[in-house]
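Engineer: Dropping the structure in here first, questions after.
The values are calculated or read from the model by the stated rules, or taken from the named source; none is laboratory data. Here the structure is a predicted model, which means the values were calculated and not measured. Neighbour counts are summed over all protein chains in view; Cβ atoms, including those assigned to glycine, are modelled from backbone coordinates with ideal geometry. Ligands, DNA and RNA are excluded from the accessible area calculation, which covers all protein heavy atoms including side chains. Shrake-Rupley method; radii C 1.70, N 1.55, O 1.52, S 1.80 Å.
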Amino acid sequence: MNKILEAIREAITGPMTEMNIIVDSVKYETEGNYNFLNIVLDRINGIDLDTIVAATEVINPIIDKLDLIDDSYILDIVSKEKGEE
């Protein structure tokens, strides 16, 4: 799974850098019966909800095209501040 997560991180880092967004972490976790692909983003001076939405619109098709995870999962993209709570 680490190689898959690294491939996802590499694929999204360029587009996020173009948006002045930092990819803080990419993790795959299971909670109960659900699998989550958690991507934590950051930006100098913080990141707002509109930026998270714009980033999600860029990241989602990249991950869909890669098609590296066989299991069903929920894509969860959050700001670093939210991810640290």
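Engineer: What three numbers, in Å, describe the spread of the alpha carbons of the range 1-77 along their principal axes, ordered from the longest?
Structural biologist: Each principal axis gives a Cα extent; for the range 1-77 these are 35, 23, 19 Å.
Engineer: Please compute the net charge surrounding Asn38, taking Lys and Arg as +1 and Asp and Glu as -1 over other residues with Cβ under 9 Å from its Cβ.
Structural biologist: Here the count lands on -1.
Engineer: In Å², and per residue, what accessible area does the chain have when probed at 1.4 Å with the other protein chains present?
Structural biologist: 66 Å²
Engineer: How tilted is helix 49-66 with respect to the longest principal axis of the chain? Cα atoms for both, answer in degrees (0 to 90, nearest 10).
Structural biologist: Approximately 40 degrees, to the nearest 10.
Engineer: Would you work out what percent of the accessible area of the chain, with all protein chains in place, is carbon or sulfur (probe 1.4 Å)?
Structural biologist: Whole-percent figure for carbon plus sulfur exposure: 47.
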